[in-house]
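The values are calculated or read from the model by the stated rules, or taken from the named source; none is laboratory data. Just so you know, these numbers come straight off a predicted model, no measurement behind them. Virtual Cβ from ideal backbone geometry, glycine too; neighbours counted across all protein chains shown. The accessibility values were calculated without ligands, DNA or RNA, using every heavy atom of the protein model including side chains. Shrake-Rupley method; radii C 1.70, N 1.55, O 1.52, S 1.80 Å.
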Amino acid sequence: MGVTIGGKTLHVPILQGGMGIGVSLERLAGAVAAQGGMGTISAAFCGFREPDFSTNFNEANLRALTRQIHRAKEIAKGAGLVAVNVMVAASQYAASVRTALQAGADAIVCGAGLPKDLPEIAAEVPESSAALAPVVSGGRSAALICKLWDRRYSRAPDFVVLEGPLAGGHLGFSPEDAREAQAGCPKPLSALLREVLDALGPFREKYRRDIPVFVAGGVKNGAEMRRYMDEGAAGAQFATRFIATEECDASGGYKQALLDAKQEDITIVQSPVGMPGRALQSPLIQRVEAGAQPKITRCNRCLSACDCKTAPYCISKALIAAVDGDWENGLFFCGANAGEVNALSTVEAQMEQILNEWRAAQ
């Protein structure tokens, strides 16, 4: 059942998706890794609790990220792997990658854009042996990133996360595709998996090693993970279900908002990142849709693609409000199946349930 990733063994083929701001930090990532999976810290503005966050934004984030990685690895006690998810769209993208590598992260996972220069940034920290992985939405993006890395850096990804249109947070699909997926008419994740496996084939052959693919976005349980593994996936990534755990770094208010949510409360929003996203229909979203959301008055330039003069809302402020449980002002990202999460649990219980379902489906 173990998967080799960048020369290291992931004993349990379960990835916990990175969730920011502040939803997956050291407690959640460390707890998942302690169970043998890959726990993921979100680097997105992870220093929001630092006393100088508003005045020393860049240093506060990087300082906090270093501490969070060290603590997560202490919690994990070497059982699993600790990864860091970094948004390509973030203004601190390169600095966050370097900091994560220097702090000893086992893997770097990059989404919200294609990490075309990730190997070049990683080469600046030669002492690191971390695995490098892009988040892709299908065969086309997988082929593009592999061709770029092969031509420029003579390497291929160590693994790939295939995130389908039912995922939470930022999506690599059009709003129309995301809405169709929510309505039950998605391009099946199985079809996307076949595309990605075909795209990776030539690079597996050239580099004479596997490039494991982990499917994400709407994978409900261990039985579905088993089906995708039978189709060629190395495992699966889960995110929303880990919010409703005691170890999740989000506040009780965020967890309760998720537990109270019904399927009809989930919607597609336009993010200032420039991508659609899936979230709960909170009062913030209702104000944005009605054109009643107040204009942004302060900007940290946290996103390279965000223009505070035209952005419908400040995403960092909205995500911080959410992690603090502020229902009126928060942006509560979630997956398409969030309405099925209705009880608080623990990471150990969630991992055990997924694996029991996986075994029963053999």
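Label separation (V125 vs E340): 3.6 nm, computed from points 7 Å beyond Cα along the C-beta direction. For G47, the residues whose amide H sits under 5 Å from its own are N61, ignoring neighbours fewer than 5 places away on the same chain, with H placed 1.01 Å from N. The calculated 222 nm mean residue ellipticity attributable to helices in the chain amounts to -11500 deg cm²/dmol, summing -39500 (n - 2.57) over DSSP H runs of n ≥ 4 and dividing by all residues. With the highest mean first, a sort of the peptides 238-245, 195-202 on other beta-carbon atoms found within 10 angstrom per residue produces 238-245, 195-202.
Normalised by residue count, region 1-68 yields a Cα convex hull volume of 81 Å³ per residue.
Across Y313, Y153, Y254, mean-square fluctuation computed from a Gaussian network of the chain (C-alpha pairs under 10 Å connected) peaks at Y153.
Pair-distance distribution of region 92-166: all C-alpha pairs, bin width 10 Å, starting at 0; shares per bin in whole percent are 20, 54, 24, 2.
When a/c reaches 1.5 or more, the comparison of a/b and b/c decides; with that in mind, is the chain rounded, prolate or oblate per its Cα gyration tensor? Working shown, then result.
On the way: a/c = 1.34, a/b = 1.19, b/c = 1.12.
Cα axes put the chain in the rounded bin.
Excluding ligands, DNA and RNA, the accessible surface per residue across the chain is 40 Å² with a 1.4 Å probe. Largest mean-square fluctuation among G339, G168, G80, in a Gaussian network model of the chain whose springs join Cα atoms under 10 Å apart, belongs to G339.
With the convex hull of its Cα atoms as the shape, region 205-289 has an orientation-averaged projected area of 8.8 nm².
Net charge within 14 Å of V109 by Cβ-Cβ distance, Lys/Arg positive one each and Asp/Glu negative one each, not counting V109 itself? Numbers along the way, then the final one.
Numbers: positive: none; negative: D106, D158, E163.
Charge balance near V109 sits at -3.
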